[in-house]
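See structure below.
The values are calculated or read from the model by the stated rules, or taken from the named source; none is laboratory data. Quick caveat: nothing in here was measured; it's all calculated off a predicted structure. All Cβ positions, even for glycine, are placed from backbone atoms using ideal geometry, and neighbour counts span all protein chains on display. Only protein heavy atoms, including side chains, enter the accessible area calculation; ligands, DNA and RNA are left aside. Shrake-Rupley method; radii C 1.70, N 1.55, O 1.52, S 1.80 Å.
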Amino acid sequence: MTKVVHPPPPSRILEAAKHGELVVFVGAGASVLCGSPNWVGFAAGVVNTLYEKGVLNFVEAEQLRNMADPRRTLSIAMSLAKQNDIAPDFDKLLHGSPQKPEGEELYGVLSEMQPVFVTTNYDKWLHVARPGAAVAAPADASSASAGPTFGSPKYYLTDHLTPDRLTEKGAVVHLHGAYTVPSSMVVSLSDYLRHYADEKVRSFLRAMFKNYTVLFVGYGLAELEILEYIVRMKDVSVPGDGRRHFLLYAYRSNEQKQTEYIEHYFREECGVEVIKYCIDNKGYGELVELFKSWRPLLDVRAPNTLDLQARLDDFVATPSGPHREAAIRLVQEHPDLVSYFMNILKSDLWFADLDGAGYFDVKHSPGLVTPPGREGYVQAPDWPAVRYLERIAPSLTGGTAARAAEIVRAITKDGQAKGLENWRTYWTLATIFSSLPLDVIQDTDMELVKFWVSSRFDGGSAGEELGNKLLPRLLESEAPTDWARAKLLMEVLTELKPEKVVP
């Protein structure tokens, strides 16, 4: 038996691991090492269920099993199961055999590295808990007790497919659903067509292929069709300065020419570099040995702050629905990103999402603080979300403008009730109010103005903003109600006040 020399991990993979940009894309070949069936076996298992339930007789089941394409067999079998109200036991079909040691070792090595996993498999092998590896599934990862309850975070519904999942070290994303929720499983041809037409799926794949280095593991000739389909969904041109994505490919030494064809195809047509490893000695179990040789070299880290900021830049640059959802969730998981995030937002497109996420809630309203070691001094902390509202206020109309006015009122009334004296916040609120359409302003809002300008610290800035911007707009209006409000505003702004304290 000749000694096998494994190819080292490409430098691109090593660098991606250090920056939290490595995605390991796991196919059925990895699960077969655990004892799960391949596609032919899985399709046959569903057909056998139909035979056992009396839906098919022996000859019908035999002919369906023997169709050339197992995915076609699955499509037909799943359609028959649905028509006859039969639910195949997917747990038994996928995990009926005891886990094989080499598969257990492979998934153990992969899980120890803790990259982000994306998989087309339905099974549990990426989630089998090991000592010290258990992580509670996020509250939004499943609905109550219906979803998976394995050790790692699990995402398996189309609604879970947002790009922020790719920043979560050790996350497992089931692109085609999970066996524990059969309705989530992408199995038939119609399932595939519907799934890959969904904008969330397409957006997720585009972000993955554009921003991450993807390593395909466990994909052989039997799965090239689905692999091609996934890769072609990326809609991202391949840069000419080196390949970003890689495919681990098992070959036999007597298949040199075929392997060359495979390499050429993926390189030229899909932009994926093939990393081949010889299976002459240990068969497909050689994959375990390869990853054992890679384990000391791969330093897989979570994304740092700069990496996360780069992802936010991407989301903001293309603010589709999935990207807005991903950005807000990412910031909620990393509160230190809030200020950066709010500062790069320029469009009112984000307003409703931020409002729904509670960023304008009065619970975030900051009071004055005393800097360490500077007794007698106070500082007025910034409120990034309200500063964002200040930037977009001139573009707001209709219902969004009315909602912005409601937010201003709620913050002001809360500040009055709690005795908050953050002059920076009230100056910002005055600027917002001065920019909103006049038809959202009410007579009672002059009481808000009185509070803003009566601060014992710096109400003058808010008063100057209102006097220079809002007052002229009210006076130039053709509506008599606006003239009356201009008079009320003038009375507030010209009221004699005690001398302000300079902080």
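Restricting the first residue to the range 40-61 and requiring it to be in contact (Cβ under 8 Å) with a residue 24 or more places away in the chain, which pairs with a second residue that is open to solvent by 60 Å² or more (accessible area, probe 1.4 Å) and part of a helix (DSSP H, G or I) meet a Cβ separation below 8 Å and a spacing of at least six or different chains?
VAL40/ALA222; ALA43/ARG65; ALA44/ARG65; VAL47/ARG65
Just checking, how many residues over the range 451-472 are surrounded by fewer than 16 Cβ atoms within 10 Å (Cβ to Cβ) and part of a helix (DSSP H, G or I)?
We begin by selecting, within the range 451-472, every residue surrounded by fewer than 16 Cβ atoms within 10 Å (Cβ to Cβ); these are 456, 460, 464, 468-469, 472.
Retained after the next criterion (residues that are part of a helix (DSSP H, G or I)): 460, 464, 468-469, 472.
Qualifying residue count for the region: 5.
Only one residue in LYS169, LYS200 is in contact (Cβ under 8 Å) with a residue 40 or more places away in the chain, among the charged types (D, E, K, R) and either assigned to a loop (DSSP other than H, G, I, E, B) or farther than 18 Å from ARG311 by Cβ (or both). Which one? Steps first, please.
Working: LYS200 fails: either assigned to a loop (DSSP other than H, G, I, E, B) or farther than 18 Å from ARG311 by Cβ (or both).
None of the others qualify; the one that does is LYS169.
Go through the range 70-106 and give me each residue that's part of a helix (DSSP H, G or I), farther than 14 Å from ASN38 by Cβ and open to solvent by less than 30 Å² (accessible area, probe 1.4 Å). Full working, then the answer.
First, the residues of the range 70-106 that are part of a helix (DSSP H, G or I): 70-83, 90-95, 101-106.
Those still in the list that are farther than 14 Å from ASN38 by Cβ too: 72, 75-83, 90-92, 95, 101-102, 104-106.
SER75, ALA77, ALA81, PHE90, HIS95, LEU106 - these are the residues of the range 70-106 that are part of a helix (DSSP H, G or I), farther than 14 Å from ASN38 by Cβ and open to solvent by less than 30 Å² (accessible area, probe 1.4 Å).
Of these, SER461, SER434, which one is over 24 Å from TYR359 (Cα atoms) and in contact with a helix residue (DSSP H, G or I) (Cβ under 8 Å, 6 or more places away or on another chain)?
Details: SER434 fails: over 24 Å from TYR359 (Cα atoms).
SER461 is the lone residue from the list that is over 24 Å from TYR359 (Cα atoms) and in contact with a helix residue (DSSP H, G or I) (Cβ under 8 Å, 6 or more places away or on another chain).
Take the residues in the range 272-292 that are touching a residue at least 40 places away in the same chain (Cβ under 8 Å) and within 15 Å of PRO10 (Cα to Cα); name whichever of them is most open to solvent (accessible area, probe 1.4 Å). Even if it seems obvious, please write down each step before you answer.
Just the residues of the range 272-292 that are touching a residue at least 40 places away in the same chain (Cβ under 8 Å), to begin with: 272-273, 275-278, 280-282, 284-292.
After this cut, where a residue has to be within 15 Å of PRO10 (Cα to Cα) as well, the list is 272-273, 275-277, 290-291.
Details: VAL272: 2, GLU273: 50, ILE275: 14, LYS276: 82, TYR277: 16, LEU290: 0, PHE291: 2 Å².
Selected residue: LYS276.
Do we find that LYS18 is surrounded by fewer than 19 Cβ atoms within 10 Å (Cβ to Cβ), touching a residue at least 24 places away in the same chain (Cβ under 8 Å) and under 30 Å from LYS210 (Cα atoms) in this structure? Step through it out loud before you land on a result.
On the way: surrounded by fewer than 19 Cβ atoms within 10 Å (Cβ to Cβ): yes; touching a residue at least 24 places away in the same chain (Cβ under 8 Å): yes; under 30 Å from LYS210 (Cα atoms): yes.
Yes.
Look through the range 254-300, keep the residues that are part of a loop (DSSP other than H, G, I, E, B) and touching an Asp or Glu at 6+ places or on another chain (Cβ under 8 Å), and return whichever of them is modelled with the lowest pLDDT. If you could, list the steps in order and put the result at the bottom.
From the range 254-300, those part of a loop (DSSP other than H, G, I, E, B) are 271, 279-282, 295-300; that's our starting set.
Among the residues that remain, those that are also touching an Asp or Glu at 6+ places or on another chain (Cβ under 8 Å) are: 279, 282, 295.
On the way: ILE279: 93, LYS282: 89, ARG295: 94.
Of everything passing the filter in the range 254-300, LYS282 is modelled with the lowest pLDDT.
Quick check on this structure: which one of VAL492, VAL449, VAL453 is under 21 Å from ALA385 (Cα atoms) and in contact (Cβ under 8 Å) with a residue 12 or more places away in the chain? Can you show your working first?
On the way: VAL492 fails: under 21 Å from ALA385 (Cα atoms); VAL453 fails: under 21 Å from ALA385 (Cα atoms).
The unique qualifying residue is VAL449.
State all residues of the range 330-344 that are crowded, with 20+ Cβ neighbours inside 10 Å, of a type outside the set (Val, Ile, Thr) and within 24 Å of ASP159 (Cα to Cα); if no residue qualifies, say none. Show your work before the answer.
Here is the first cut: in the range 330-344, the residues crowded, with 20+ Cβ neighbours inside 10 Å are 330-331, 341-342.
This time we only want the ones that are of a type outside the set (Val, Ile, Thr), so: 330, 341-342.
Of everything in the range 330-344, those that are crowded, with 20+ Cβ neighbours inside 10 Å, of a type outside the set (Val, Ile, Thr) and within 24 Å of ASP159 (Cα to Cα) turn out to be LEU330, PHE341.
List pairs: first residue in the range 317-340 and under 18 Å from HIS160 (Cα atoms), second residue of a type outside the set (Phe, Trp, Tyr) and open to solvent by 60 Å² or more (accessible area, probe 1.4 Å) anywhere in the structure, Cβ distance under 6 angstrom, at least six positions apart or on different chains.
PRO319/LEU349
One line per residue, one yes/no per condition, for (1) under 25 Å from LYS210 (Cβ atoms); (2) crowded, with 18+ Cβ neighbours inside 10 Å; (3) at pLDDT below 95:
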residue: ILE328; (1), (2), (3): yes, yes, no
residue: ARG374; (1), (2), (3): no, no, yes
residue: ASP382; (1), (2), (3): no, no, yes
residue: VAL386; (1), (2), (3): no, yes, no
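Looking at the range 160-192, which of its residues are of a type in the set (Asp, Glu) and within 21 Å of the chain's Cα centre (by Cα)? Talk me through it step by step, then tell me what you get.
Taking the range 160-192 and keeping what is of a type in the set (Asp, Glu), we get 164, 168, 191.
Passing the criteria: ASP164, GLU168.
What number of residues in the range 1-15 are of a type in the set (A, V, I, L, M), open to solvent by 30 Å² or more (accessible area, probe 1.4 Å) and under 29 Å from the mean Cα position of the chain (by Cα)?
1
Give the residue, chosen from VAL378, VAL369, that is more than 23 Å from ARG311 (Cα to Cα), free of Cβ contacts under 8 Å to residues at least 24 places away in the same chain and either open to solvent by less than 80 Å² (accessible area, probe 1.4 Å) or touching an Asp or Glu at 6+ places or on another chain (Cβ under 8 Å) (or both).
Values: VAL378 fails: free of Cβ contacts under 8 Å to residues at least 24 places away in the same chain.
Matching residue, one of VAL378, VAL369: VAL369.
Please verify whether GLU495 is surrounded by fewer than 16 Cβ atoms within 10 Å (Cβ to Cβ) and among the charged types (D, E, K, R), treating the condition exactly as stated.
Yes, satisfied.
Please enumerate the residues belonging to the range 36-56 that are in contact with a Lys or Arg (Cβ under 7 Å, 6 or more places away or on another chain) and either more than 15 Å from GLU223 (Cα to Cα) or open to solvent by 40 Å² or more (accessible area, probe 1.4 Å) (or both).
Of everything in the range 36-56, those that are in contact with a Lys or Arg (Cβ under 7 Å, 6 or more places away or on another chain) and either more than 15 Å from GLU223 (Cα to Cα) or open to solvent by 40 Å² or more (accessible area, probe 1.4 Å) (or both) turn out to be ALA44, VAL47.
State whether one or more residues within the range 401-420 are open to solvent by 20 Å² or more (accessible area, probe 1.4 Å), of a type in the set (S, T, N, Q), assigned to a loop (DSSP other than H, G, I, E, B) and out of contact with any strand residue (DSSP E or B) (no Cβ under 7 Å at 6 or more places or on another chain). Before you say what the answer is, go through the steps one by one.
Residues of the range 401-420 open to solvent by 20 Å² or more (accessible area, probe 1.4 Å): 402-403, 406, 409-410, 413-414, 416-420.
Subsequent filtering for residues that are of a type in the set (S, T, N, Q) retains 416.
From the residues that got through so far, the ones that are assigned to a loop (DSSP other than H, G, I, E, B) too are none.
The answer is no; no qualifying residue exists.
Filtering the range 294-317 down to residues that are open to solvent by 50 Å² or more (accessible area, probe 1.4 Å) and not hydrophobic (A, V, I, L, M, F, W, C), which residue is nearest to GLU104 (Cα to Cα)?
ARG295
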